[in-house]
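No lab work stands behind these numbers, since they all come straight from the coordinates. These figures come from a predicted structure and were not determined experimentally. All Cβ positions, glycine included, derive from the backbone under ideal geometry; neighbour counts span all protein chains shown.
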Amino acid sequence: MTSMGKTRRTVSLGLCGAALAAALAAPGTAQAGERWQPHWELKQTGTEVRFRGLAAVTRDTAWAAGSKGTVLRTTDGGRNWRNVSPPGAGELEFRDIEAFDGRRAVVLAIGEGEASRVFRTGDGGATWTESFRNTDPKAFYDCITFFDSSHGLAMSDPVDGKYRILSTGDGGKSWKVLPSEGMPPAQPGEAGFAASGQCLVSSGPKDVWLATGGGATARVLHSADRGLHWTAAESTVPAGDPARGVFGLAFRDRTHGLAVGGDYRAGQASPQAGAVTRDGGRSWRQATTPPPAYRSGVTWLPHSRSAALAVGPTGTDLTTDGGRSWRTVDTGSYDTVDCTPDFGCWAAGEKGRVARLER
């Protein structure tokens with residue numbers, strides 16, 4: 001999903017910003033003092049694959065990437081979807097996609113060894129170029145992120161005890177492995193989760209964060225120099241099991257961030273599934289009222305300093321106080337979520353589900 005900044009009706013609940021206020025001044029907007037109830041409108045995609053990769057470009061244009069090597073694109077708000085999957089990719093699992101506009105996108109396939117690949121298109125998916133194929137059987141790539149249309153990173157689960165970072169400076173046309181000297185050691189059993197395309201996110205020209213789980217503690221690693229040097233901080237999200245940890249991150253600027261996660265196994269409790277940072281990830285504070293269940297995706301609402309959405313297989317939650325408290329506003333199943341400055345908020349998940357937030 002797009003992560004170049006990854007920022008994103010009631011006035012009394014603090015949804016501020018001139019652009020958002022103007023957008024919400026349309027007929028049907030909630031009156032002051034009422035609670036805004038987000039409403040997802042499902043779009044017919046014509047497929048049953050699971051979409052864990054999502055790139056919202058505008059309210060009209062979005063890309064979705066998922067299982068069976070599937071990539072879809074819409075340019076009319078989801079009324080029509082074009083299958084723009086790379087030829088011959090049917091055996092691959094796409095879990096993250098970054099789009100710069102309606103024509104340029106980079107998609108990541110995950111898996112061990114050569115199953116981890118990166119493809120790039122510059123013509124709306126009419127043609128694709130495979131720009132990276134992993135040849136190390138110990139590597140397993142999970143997520144990608146871009147700082148701008150040229151500079152980006154991809155991350156792999158630990159190789160020889162450290163997370164591996166790929167870097168591009170030409171919009172994903174070529175990639176190189178960064179030196180590992182600036183990466184702290186991984187914990188035993190620690191890894192990233194390729195669940196929503198949000199285990200690696202960026203904000204601004206150089207800051208990037210990496211979410212982990214599976215180890216003794218769920219950590220968030222931060223780099224302020226595009227992945228050359230990293231520091232690690234413990235989150236408050238429980239780990240200690242291969243199925244538990246931080247699954248998704250969102251930063252509205254280089255200091256204010258949200259973390260969501262839990263235990264992805266159906267029926268398992270996920271206490272303390274949300275955390276907040278106000279110092280760029282150096283420290284994390286547990287949400288006072290966290291999401292009630294496992295959540296894999298999170299995004300800030302546009303032009304707001306306090307409102308965000310979190311999604312997972314059992315529902316969507318809204319916070320209007322910067323992540324301190326969450327309330328469930330929808331029970332539909334989604335894996336990932338992304339918003340754009342023109343209030344183009346999209347969500348995607350299992351059985352071909354893609355939806356746009358309506359107001």
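Using just the Cα positions, wrap segment 182-308 in a convex hull and report its mean projected area in square nanometres, one decimal place.
So the Cα hull casts an average projection of 7.1 nm².
Between segment 194-226 and segment 262-324, what is the separation of their alpha carbon centroids in Å?
15
First check a/c for segment 306-356, with a ≥ b ≥ c the square roots of the eigenvalues of its C-alpha gyration tensor; if it is under 1.5, answer rounded, and if not, answer prolate when a/b is larger than b/c or oblate otherwise.
Because a/c hits 1.5 or more and a/b fails to exceed b/c, segment 306-356 counts as oblate.
Rg (Å, one decimal) plus Dmax (Å, integer) for the alpha carbons of segment 272-359?
Cα only, segment 272-359: 12.6, 38 Å (Rg, Dmax).
What is the sum of charges, Lys and Arg at +1 and Asp and Glu at -1, for the other residues whose Cβ falls under 12 Å from the Cβ of W175?
So the surrounding residues net to +4.
For a test of the definition: using alpha carbon positions, the gyration tensor, and the 1.5 limit on a/c, classify segment 54-112 as rounded, prolate or oblate.
prolate
Going by how many other Cβ atoms sit within 10 Å of their own, how do M183, M155 line up, fewest first?
Numbers: M183 22, M155 25.
Sorted ascending by nearby Cβ count, the order is M183, M155.
Give the cross-link partners of K173 among the lysines, using a straight C-alpha distance below 20 Å as the criterion and excluding same-chain residues fewer than 8 apart.
Cα-Cα hits under 20 Å: K206.
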